[in-house]
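What follows draws every value from the coordinates through simple rules; no lab data is involved. From a predicted model like this one, the values you see are computed outputs, not experimental measurements. As a convention, Cβ positions derive from the backbone with ideal geometry for all residues, glycine included, and neighbour counts pool all protein chains shown.
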Amino acid sequence: MQRREHRYKVLVIGDLGVGKTSIIKRYVHQHFSANYRATIGVDFALKVLNLDQDTIRLQLWDIAGQERFGNMTRVYYRDALGAFVVFDVARSCTFEAVRKWKEDLDDKVSASGGKRVAAVLLANKCDQDRDDTFAKNYGRMEQFCREHGFINWFETSAKENINIDEAVTCLLRHIMASD
Ligand code: GDP
Ligand code: MG
């Protein structure tokens, strides 16, 4: 059977310090470090993987330094087919920012002519205790996902390597289904 090859651009967004770079390094290089230097500008990592009968060249786009502006330039969003929106379970302000990141994502992608991107929500640092706001919302996360247009959500830990492969597979299957 002929393998199909896909090239997917996937964004990793969310507030500063939630673990975006760590998630990418964990997924692509199977490596975790407690002190990455904050990346400057846009950086991306490539991972080639086989899923079902297909080969996927996955480009994961990291952002750095621009988090403080709360949104990103259109170049970053152009041609993206998927996104992970990340927050830190131990810092509720980063959970509250998820909404804003998701709106920004939908606005910029439609402004650059793309269709709506598939988005998966990552509750990262699940090896740590949840703070109160997230703990209160914990039982309502499925509803939160429906309301804000996320395919699904995963509790992840870049540190302990929890659920990152699962989250990527979920997003990729969704993108492939409409490709
Ligand atoms: P970014 O600004 O979103 O790219 O965040 P970084 O990847 O630079 O991570 C910020 C800090 O959180 C670093 O000190 C990481 O080591 C730490 N970190 C990232 N992911 C995890 C995780 O899953 N668990 C824990 N305990 N710490 C993490
Ligand atoms: Mg970073």
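Data table
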| quantity | calculated |
| --- | --- |
| Spin-label model distance (nm) - residue 4 vs residue 131, 7 Å beyond Cα toward Cβ | 4.2 |
| Per-residue Cβ neighbour rank within 10 angstrom, fewest leading, 94, 55, 21, 156 | 55, 21, 94, 156 |
| Ellipticity estimate at 222 nm from DSSP helix runs (n ≥ 4, -39,500 (n - 2.57)) divided over the chain, nearest 500 | -9500 deg cm²/dmol |
| Cα-based helix-to-principal-axis angle, 20-29 vs the chain, degrees rounded to 10 | 40 |
| Links that overshoot a 21 Å alpha carbon limit, given the list 25/159; 25/47; 47/102; 9/108 | 47/102 |
| Point-to-point label distance, residue 169-residue 49, nm (Cα→Cβ direction, 7 Å offset) | 0.9 |
| Low-density loop positions, trypsin sites (Lys or Arg not before Pro), region 116-179 - DSSP coil, at most 14 other Cβ in 10 Å | 116 |
| Ranking of 178, 92, 157 by count of other Cβ atoms within 10 Å, fewest first | 178, 92, 157 |
| Sorted by Cβ density within 10 Å, fewest first, the residues 49, 122, 171 | 49, 171, 122 |
| Qualifying GluC sites (Glu not before Pro) for region 84-179 [loop in DSSP, other Cβ within 10 Å: at most 14] | 160 |
